[in-house]
Amino acid sequence: MRGYASCRWGQVHYRSAGAIRGDASRTAALLFHESPQSSAIFERALPLLGERLAAYAFDTPGYGYSDPPPGPRSVPEYAAAMLEAASSLGLDRFAAVGVHTGTGIALQMAAQAPERVSHLVISGTPGAMREWRAGWLADPPGPIPLADDGAHLRNQWLTATGRGGTADLALATLMTTSVLRIHERWGWALDGVARHDPEPDLRALSCPVLVLGVEFDTLIEEDREAALAAPGARFELVEGLPGQLPWRAPHRFARAVSDFVAGPDPDPGVA
């Protein structure tokens with residue numbers, strides 16, 4: 001199912017599975033994507049999450065099909081907007097699940113409203129990349145320039161297929177089109193990440209925390225640091241993948257999230 005929630009900047013698009021109107025018996029899980037992608041990165045995992053959870057995957061404002069803010073915003077502002085979106089759907093308490101940029105947003109949601117976040121699952125902690133943050137702040141990239149000969153299309157394709165040796169052409173297509181459709185604001189959320197230090201948010205957490213580290217992800221070392229910084233955090237290593245865990249290994253991702261949030265499945269079957 002797809003729909004829209006409301007926040008300070010307009011409408012926030014989401015995809016959901018397992019959410020039944022009027023049924024509050026299932027634990028809600030809110031999913032936040034990496035930038036400059038969209039909630040489509042969770043499409044393969046959502047039906048699996050929906051078997052045990054009421055799962056909602058949101059497009060960050062300005063990405064996917066969500067209305068944009070007036071300009072780049074800070075991580076605390078994005079988090080506050082997503083708390084508003086959750087409230088507009090009647091979601092008062094939920095697990096927050098973040099990947100890369102989505103990790104920063106989920107962490108801030110827990111910092112701003114600890115009474116609302118029951119569990120936190122994160123994969124990739126980009127704000128901890130100190131050299132990357134310094135480089136971005138020293139020379140912030142602007143919009144993706146458009147070329148008369150369409151060279152920007154091929155450049156984005158080469159970026160997508162070169163990232164971690166992406167051989168999944170469907171994933172590469174998704175990554176390419178997601179960036180190009182918001183080319184003028186692709187870096188807005190990343191700018192917020194570069195300006196925000198996640199360590200205080202990590203150290204202040206009071207909810208159970210699962211860190212899903214992906215072996216060949218660019219942020220694997222940052223995930224190890226995050227697991228040490230967050231009180232009582234559990235670290236799980238997912239081997240053999242370069243990133244985009246919800247897409248590349250949806251069963252593994254969904255099982256880890258569902259078991260952590262709702263408890264082990266009494267009838268796990270074959271995954």
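Every number in this text was worked out from the coordinates using simple rules, so none of it is lab data. A quick note: this is a predicted structure, and the numbers were derived from the prediction, not measured. A quick note on method: Cβ atoms are made from the backbone with ideal geometry, for glycine too, and the neighbour counts reach across all protein chains shown.
Here the peptides 224-236, 206-218 are ranked by packing, the mean other Cβ count within 10 Å, and the order with the highest first is 206-218, 224-236.
Beyond 17 Å, what share of the Cα-Cα pairs of the stretch 115-238 remains, rounded to the nearest whole percent? That tail contains 67 percent of the Cα-Cα pairs. Here the simple spin-label model places points 7 Å from the Cα toward Cβ, and for Phe216 and Ala147 these points are separated by 2.7 nm. Label sites at Leu169 and Arg26, each approximated as a point 7 angstrom past Cα along Cα to Cβ, lie 3.4 nm apart.
A dipole drawn for the chain from +1 and -1 charges on Cβ atoms has a positive end, and of Pro126, Ser66, Pro36 the residue lying farthest that way is Ser66.
Computed over the stretch 72-124, the P(r) tail beyond 16 angstrom holds 32 percent of alpha carbon pairs. Remark: relative contact order (the chain) = 21 percent; criterion is Cα-Cα distance under 8 angstrom and separation of 6 or more residues.
Compared with the dominant Cα axis of the chain, that is its longest principal axis, helix 151-162 is turned about 40°. Here is how the number arises for the chain: DSSP H runs of 4 or more residues each give -39500 (n - 2.57), the sum is divided by the residue count, and the result at 222 nm is -10500 deg cm²/dmol.
Please report the orientation-averaged projected area of the stretch 51-209, defined via the convex hull of its C-alpha atoms, in nm². Don't jump to the answer; show the numbers that get you there.
Values: hull surface 43.5 nm².
If I average the Cα hull's projected area over directions, I get 10.9 nm².
Scaled against the 2.2 N^0.38 Å expected of a compact globular protein of N residues, the Cα radius of gyration of the stretch 177-271 reads 1.27. Using the Cβ-Cβ distance between Asp259 and Ser88 with R0 = 25 Å, the FRET efficiency computed as 1/(1 + (r/R0)^6) comes to roughly 0.30. Taking the longest Cα principal axis of the chain as reference, the axis of helix 75-88 is set at about 50 degrees.
Temperature 10 °C, viscosity 1.306 mPa s: under these conditions the Stokes-Einstein estimate for the stretch 139-208, based on its Kirkwood radius over C-alpha pairs, is 110 µm² per second. Helix 250-262 and the longest principal axis of the Cα set of the chain meet at an angle near 40°.
Taking only the alpha carbons of the chain, we obtain Rg and Dmax values of 17.4, 57 Å in that order.
Gain on full extension, evaluated as 0.36 nm per residue between Phe235 and Leu137 minus their Cα-Cα distance, stands at 32.3 nm.
Classify the stretch 123-180 as rounded, prolate or oblate, taking a ≥ b ≥ c as the square roots of the eigenvalues of its Cα gyration tensor: rounded when a/c is under 1.5, otherwise prolate if a/b is larger than b/c and oblate if not. In terms of gyration-tensor shape, oblate.
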